[in-house]
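The values are calculated or read from the model by the stated rules, or taken from the named source; none is laboratory data. Note that the structure is a prediction, hence the values are computed from the model and not measured. Quick reminder, even Gly has a Cβ in these numbers, built from the backbone with ideal geometry, and neighbours come from all protein chains shown. Surface areas here come from the heavy atoms of the whole protein model, side chains and all, with no ligands, DNA or RNA. Shrake-Rupley method; radii C 1.70, N 1.55, O 1.52, S 1.80 Å.
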Amino acid sequence: MTETPREDTLFEFPCDFPIKIMGRASDEFRSLALGIVTRHFGNLDPAHIEERVSSNGRFLSFTCTVRAESKAQLDAVYRELTSCSQVLAAL
């Protein structure tokens with residue numbers, strides 16, 4: 001009998017997962033960051049996107065709650081986000 005390989009994670013998939021993305025406040029950053037998440041998870045429900053501007057207005061952060069199907073899917077979106085020069089942090 002063969003076992004299905006188990007992903008090395010504490011999460012059970014599928015699950016709702018919040019992704020936080022931070023960068024310099026601009027329409028370009030907004031479009032870029034949301035575009036990356038959309039590429040991996042499809043269209044995002046606006047109700048699942050929280051946007052915050054820093055107190056000085058220089059930085060913008062998003063928390064997008066997505067429906068993650070696998071660890072590989074999360075790894076892929078984080079790889080793309082962290083390789084983007086405009087993304088200062090992705091948590």
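Observations
- Qualifying residue in the range 12-20 (condition: touching a residue at least 60 places away in the same chain (Cβ under 8 Å) and over 16 Å from the mean Cα position of the chain (by Cα)): no
- Qualifying positions in the range 13-29 - assigned to a helix (DSSP H, G or I) and open to solvent by 70 Å² or more (accessible area, probe 1.4 Å): Asp27, Glu28
- Against the test of being charged (D, E, K, R), on the phi < 0 side of the Ramachandran plot and assigned to a helix (DSSP H, G or I), the options Arg67, Arg79, Arg52 yield a single qualifying residue, Arg79.
- Selection count where residues are among the aromatic types (Phe, Trp, Tyr) and open to solvent by less than 60 Å² (accessible area, probe 1.4 Å), scope the range 57-71: 1
- When Leu91, Leu74 are checked against the criterion of being of a type in the set (A, V, I, L, M, F, W, C), in contact (Cβ under 8 Å) with a residue 24 or more places away in the chain, open to solvent by 50 Å² or more (accessible area, probe 1.4 Å) and under 16 Å from Pro18 (Cβ atoms), a single residue qualifies: Leu91.
- Among residues of the range 22-37 that are under 12 Å from Ser61 (Cα atoms), those with a beta-carbon under 6 Å from a residue that is open to solvent by 50 Å² or more (accessible area, probe 1.4 Å) and not charged (D, E, K, R) at least six positions away or on a different chain give the pairs Met22/Leu88; Gly23/Gln86; Gly23/Leu88; Ala25/Val53; Ala25/Phe59; Phe29/Gln86.
- Restricting the range 32-49 to residues that are of a type in the set (A, V, I, L, M, F, W, C), outside any strand (DSSP E or B) and open to solvent by less than 50 Å² (accessible area, probe 1.4 Å), the residue that is nearest to Met22 (Cα to Cα): Ala33
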